[in-house]
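Beneath this line is the structure, given in structure tokens, with notes to follow.
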Amino acid sequence: MKPTFALIIFSAFAAAQTTPLPTLTLEERGDLYVVRKMYREAIDTYHSAGNTAALWNKIGIAYHQLGQLEAARKSYERAIKLDKQDADAINNVGTVFYAEKKYRTAIARYNKAIGISPNAASYWSNLGTAYYARGNFAEMTRAYTRAIQLDPEVFEVHGSVGTRMLDRSVADRARYHYEIARMYASAGKNELAIQYLRKALEEGFKERDKLQSKEFSALRETQEFKDLMTLEPRVL
């Protein structure tokens, strides 16, 4: 006798009920709360998970996302006390100082993180942003160029990446996007360079003479660049 369709479905359901589901660790539960943006629940869960540098760094990120910078800084520093080579926590405490406009201190932290983990594009990106905030465009260019070499799409990443915080908060976004366009043009990433030039113009960038710099020499021959130059700057 052949089993009916209903019997097949019931058998499959019964088998599924007896298959054990994977058990999440407390840290994994905390990670899940972060993904769901339930940061306070994540903090409580991480606290219950143990006392490691990795956990304190994640607690710091959760506080950071809540805008509680002092609690975030203390958590990152607790992580660093437990592991002085925790480059992510050192980078992350730098982002707190950056948010507090303590750019010199932020730069020191980013450089320390880079000294431990020199191939982390996000650290170089943060360093460049801090130099930008201080108006040091030569050092900003050096840092951003290295970031792009390590990860050509580093500036397309937003927010936090795993256990690393990325800072994108700048005052003059028009000039910032021009500088990013210049970096991408130098790296031969024409499509991204055009994208950021468009953003710069939309945000009111008016120094079009800067578009005659050598970094844009190859880009100026493209139709996309020529079309962009016919647009009037506008403010969003």
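The values are calculated or read from the model by the stated rules, or taken from the named source; none is laboratory data. This is a predicted model, so every value here is computed, not measured. Backbone-built Cβ (ideal geometry, glycine too); neighbour counts: all protein chains shown.
Structure values in brief
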{"quantity": "Residues of region 43-71 satisfying the condition of being aromatic (Phe, Trp, Tyr) and closer than 14 Å to Asp83 by Cα", "calculated": "Trp56"}
{"quantity": "Filter result (over 24 Å from Ala185 (Cβ atoms) and assigned to a helix (DSSP H, G or I)) within region 112-150", "calculated": "Lys112, Ala113, Ile114, Gly115, Ile116"}
{"quantity": "Which numbered condition Ala54 misses (of (1) among the aliphatic types (A, V, I, L, M); (2) under 24 Å from Ala108 (Cβ atoms); (3) without any contact (Cβ under 8 Å) to a residue 40 or more places away in the chain)", "calculated": "(3)"}
{"quantity": "Check on Arg168, part of a loop (DSSP other than H, G, I, E, B) and either surrounded by fewer than 14 Cβ atoms within 10 Å (Cβ to Cβ) or modelled with pLDDT of 85 or more (or both)", "calculated": "yes"}
{"quantity": "Test result for Ile148, β-branched (Val, Ile, Thr), in contact with an Asp or Glu (Cβ under 7 Å, 6 or more places away or on another chain) and at pLDDT 85 or above", "calculated": "no"}
{"quantity": "Helices (runs of 4 or more DSSP H) completely within region 1-111 that count 2 or more residues being at pLDDT 95 or above, β-branched (Val, Ile, Thr) and under 21 Å from the mean Cα position of the chain (by Cα)", "calculated": "53-65, 87-99"}
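Per-residue answers, yes or no, for (1) over 19 Å from Ala89 (Cα atoms); (2) of a type in the set (Gly, Ala, Ser):
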position: Gly115; (1), (2): no, yes
position: Asn119; (1), (2): no, no
position: Ser122; (1), (2): no, yes
position: Thr129; (1), (2): no, no
position: Met140; (1), (2): yes, no
position: Arg146; (1), (2): yes, no
position: Leu150; (1), (2): yes, no
